[in-house]
Amino acid sequence: MNLHNVITEIEKIDPEVYERLDGRREALKSLSNVGSKIALTALPFALGSLFSKAYGQSSSSQILDVLNFALTLEYLEAEFYNTGLASSGLIPAGADRNAFQVIADHENEHVQFLKTTIMALGGTPVPKPTFDYTAGNGSGMGPFAGVFTNYSLFLAVSQTFEDTGVRAYKGQAANLISSNEVLRAALRIHSVEARHAAHVREIRSRRTGDPLVVGMPQPWITLNQSNIASSAVQPSYNGEENTLQAGVQITGINGFAITSEDASEAFDEPLTKQQVLMIVDPFIV
Amino acid sequence: MAEKKLPDVYPDGSSDPKQVSRRKFLNYAGLSAVTAVALASCKKDFRGGEPNAPFAQDDPHNMPKNTVNLGSGDIGILNYAYALEQLEAAFYIKVASSFYSGATSKEKAYLEDIRDHEIAHREFFKTALGNKAIGPLLFDFSSIDFSSRASVLGTAKAFEDLGVSAYNGAGELLQSPDYLLLAGKIVSVEARHAAAIRDLLSYGSFAGPDVVDSNGLDVYRKPMDVLSIANNYIETKIIANNLPTA
């Protein structure tokens with residue numbers, strides 16, 4: 001593969017190709033690496049993704065859209081935990097209360113961080129919606145009625161929010177690929193949400209006799225199982241049973257004893273913005 | 001190279017890139033159209049199989065057994081991830097082959113699950129990378145006391161937090177959104193592992209201030225910083241100086 005052949009072909013179509021690439025020093029640097037190092041078979045793909053960075057670059061407004069979407073989810077989580085901690089008798093003192101204080105702090109920090117980032121990029125943070133944590137669209141009578149008096153319910157909703165948050169950030173990562181700084185920050189929030197999810201699942205696994213705990217929750221998600229006795233949370237888990245990654249079947253891969261359960265646990269799955277909005281819609285008045 | 005696919009990527013039916021206006025090129029965009037151009041250019045200097053191809057020296061399979069070269073670009077980052085997954089898988093395989101004394105059934109179940117996840121990650125990268133994959137690494141776990149709960153879980157915690165920081169730092173080095181999504185699918189599972197191990201060691205330390213900063217952001221590390229830590233457990237010399245840095 002001769003780099004000049006590629007550029008010359010593109011130049012016939014887009015006379016400004018050099019300008020475009022020059023404006024993106026990183027892309028150009030990658031291109032020279034691509035030309036000399038990557039296998040021929042990998043080249044079309046590598047070049048395609050390189051140029052999708054140069055031409056299909058997310059505009060700053062797209063990045064702001066993602067950040068405001070994330071901010072909405074963080075508002076949802078932060079107020080949920082703030083309200084839970086303020087509800088006397090809900091969260092047991094000791095380890096549970098300490099854990100939810102840590103989680104609440106992080107979610108409030110995420111809200112502040114996202115607001116600051118949005119403003120630094122010249123955007124306007126969306127205002128905080130009014131929430132109905134019963135998932136009743138403002139009726140206060142949704143499927144999670146009693147969420148701030150019934151700890152089982154509070155834990156179930158918390159687990160669902162955290163697992164959904166992980167999937168939501170994952171689904172937006174590609175939309176941030178043109179900004180290293182924003183992508184890095186989003187990834188760093190994403191893994192914190194996963195730590196939260198793992199711990200809430202751990203709390204639930206340790207509760208004997210919790211009527212909303214189904215089976216034995218683990219820190220990771222098995223197939224599309226929520227381990228929650230409520231069909232209302234199922235959309236947050238559908239799709240997690242996937243065992244095919246980039247066309248590679250993980251179950252039994254290369255002769256190893258990897259079950260479909262293992263394979264589904266080993267990879268968390270994304271949700272689209274549309275899917276997430278449908279999930280959170282009942283919580284927004 | 002599939003030249004016959006060229007017409008497919010120009011929705012106006014044209015098979016000649018020269019007939020496509022720049023506007024259409026931009027509209028129909030990026031990946032498929034540019035791939036077609038790349039394909040068209042390939043035929044002019046196809047050198048597959050040439051013994052003296054300039055990149056032959058970078059072929060991982062040509063390297064001495066005790067040295068691997070991760071390579072460059074996205075392939076380099078995927079090989080970097082593959083190296084880390086090899087490290088984690090080898091560690092948990094050894095842990096689960098003879099558990100430390102006093103391991104509870106829950107600890108065993110978690111460690112076996114994590115082992116299987118890391119094997120799945122390792123084999124995924126090996127398969128996805130195909131003939132661009134680095135070979136198997138050699139490990140040195142002599143500093144770990146596998147009969148000691150504190151040593152095993154302490155090492156597991158270090159490896160999982162390191163893995164989270166590695167993927168968080170590597171995402172921005174990838175060019176392909178598809179590879180970025182795959183890294184995202186794996187990193188959250190590593191974060192779940194990290195939280196689980198931390199909770200086994202000290203219940204409630206799942207997202208402690210040693211890993212999450214005052215903005216609520218998790219750790220991230222550049223590949224060189226990750227490898228300098230991982231190298232304490234890896235005998236194979238890993239050449240990483242062709243990895244992208246931005």
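The values are calculated or read from the model by the stated rules, or taken from the named source; none is laboratory data. The model shown is predicted, which means the values in this text are computed figures rather than measured ones. As a convention, Cβ positions derive from the backbone with ideal geometry for all residues, glycine included, and neighbour counts pool all protein chains shown. We work out accessible area using only protein heavy atoms, side chains counted, and drop any ligands, DNA or RNA first. Shrake-Rupley method; radii C 1.70, N 1.55, O 1.52, S 1.80 Å.
Only one of these is among the aliphatic types (A, V, I, L, M) and open to solvent by 10 Å² or more (accessible area, probe 1.4 Å): B:191, B:128. Name it. Break it down into steps so the answer makes sense when it comes.
Values: B:191 fails: open to solvent by 10 Å² or more (accessible area, probe 1.4 Å).
Going through B:191, B:128 in turn, the sole match is B:128.
Identify, by number, the condition in (1) more than 18 Å from residue A:168 (Cα to Cα); (2) open to solvent by 10 Å² or more (accessible area, probe 1.4 Å); (3) within 14 Å of chain B (Cβ to nearest Cβ); (4) out of contact with any Phe, Trp or Tyr (no Cβ under 8 Å at 6 or more places or on another chain) that residue A:212 doesn't meet.
So residue A:212 meets the others, but not (3).
Please work out which residue is least open to solvent (accessible area, probe 1.4 Å), limiting yourself to segment A:76-115 and to residues that are polar (S, T, N, Q) and under 13 Å from residue A:189 (Cβ atoms).
Going through segment A:76-115, the residues polar (S, T, N, Q) turn out to be A:82-83, A:87-88, A:98, A:101, A:108, A:112.
If we keep only those that are under 13 Å from residue A:189 (Cβ atoms) too, we end up with A:108, A:112.
Numbers: A:108: 55, A:112: 104 Å².
Out of the qualifying residues, it is A:108.
Which residue is farthest from residue B:229 (Cα to Cα), if the candidates are limited to segment B:89-106 and must be open to solvent by 10 Å² or more (accessible area, probe 1.4 Å) and part of a helix (DSSP H, G or I)?
In the first step, residues of segment B:89-106 are kept if they are open to solvent by 10 Å² or more (accessible area, probe 1.4 Å); the result is B:90, B:93-94, B:96-99, B:101-106.
Next cut, part of a helix (DSSP H, G or I) only: B:90, B:93-94, B:96-97, B:105-106.
On the way: B:90: 16, B:93: 20, B:94: 20, B:96: 23, B:97: 25, B:105: 31, B:106: 29 Å.
If we take residues in segment B:89-106 being open to solvent by 10 Å² or more (accessible area, probe 1.4 Å) and part of a helix (DSSP H, G or I), then B:105 is farthest from residue B:229 (Cα to Cα).
I need every pair where a residue in segment B:197-221 that is at pLDDT 95 or above has its Cβ under 6 Å from the Cβ of a residue that is aromatic (Phe, Trp, Tyr), sequence separation at least 6 or different chains.
Note: pairs meeting the criteria are B:198/B:206; B:199/B:206; B:215/A:113.
When only residues in segment A:138-176 that are at the interface with another protein chain (Cβ under 9 Å from one of its Cβ atoms) and open to solvent by 20 Å² or more (accessible area, probe 1.4 Å) count, which is farthest from residue A:71 (Cα to Cα)?
Selected residue: A:174.
Restricting to segment A:261-273, what's the tally of residues that are closer than 11 Å to residue B:117 by Cα and hydroxyl-bearing (Ser, Thr, Tyr)?
So the count comes out to 1.
State whether the residues of segment B:142-165 include one that is open to solvent by 10 Å² or more (accessible area, probe 1.4 Å), closer than 17 Å to residue A:269 by Cα and more than 7 Å from chain A (Cβ to nearest Cβ).
There is no residue in segment B:142-165 that is open to solvent by 10 Å² or more (accessible area, probe 1.4 Å), closer than 17 Å to residue A:269 by Cα and more than 7 Å from chain A (Cβ to nearest Cβ).
Scan segment A:93-141 for residues that are more than 21 Å from residue A:278 (Cα to Cα), among the hydroxyl-bearing types (Ser, Thr, Tyr) and assigned to a loop (DSSP other than H, G, I, E, B) and jot them down.
A:124
Just to be sure, is residue A:222 surrounded by 20 or more Cβ atoms within 10 Å (Cβ to Cβ) and either under 25 Å from residue B:195 (Cβ atoms) or over 14 Å from the mean Cα position of the chain (by Cα) (or both)?
Against the criterion (surrounded by 20 or more Cβ atoms within 10 Å (Cβ to Cβ) and either under 25 Å from residue B:195 (Cβ atoms) or over 14 Å from the mean Cα position of the chain (by Cα) (or both)), residue A:222 qualifies.
What's the number of the condition residue A:221 fails, among (1) in contact with a helix residue (DSSP H, G or I) (Cβ under 8 Å, 6 or more places away or on another chain); (2) in a helix (DSSP H, G or I); (3) within 9 Å of another protein chain (Cβ to nearest Cβ)?
Condition (2) is where residue A:221 drops out.
Considering each of A:254, A:242 in turn, give the residue that is outside any loop (DSSP other than H, G, I, E, B), within 12 Å of chain B (Cβ to nearest Cβ) and not hydrophobic (A, V, I, L, M, F, W, C). Full working, then the answer.
Working: A:242 fails: outside any loop (DSSP other than H, G, I, E, B).
None of the other options fit; the residue is A:254.
Of these, A:135, A:120, A:185, which one is open to solvent by 10 Å² or more (accessible area, probe 1.4 Å), at pLDDT 95 or above and farther than 29 Å from residue B:167 by Cβ? Working first, answer last.
On the way: A:120 fails: farther than 29 Å from residue B:167 by Cβ; A:185 fails: farther than 29 Å from residue B:167 by Cβ.
Selected residue: A:135, the only one of A:135, A:120, A:185 that is open to solvent by 10 Å² or more (accessible area, probe 1.4 Å), at pLDDT 95 or above and farther than 29 Å from residue B:167 by Cβ.
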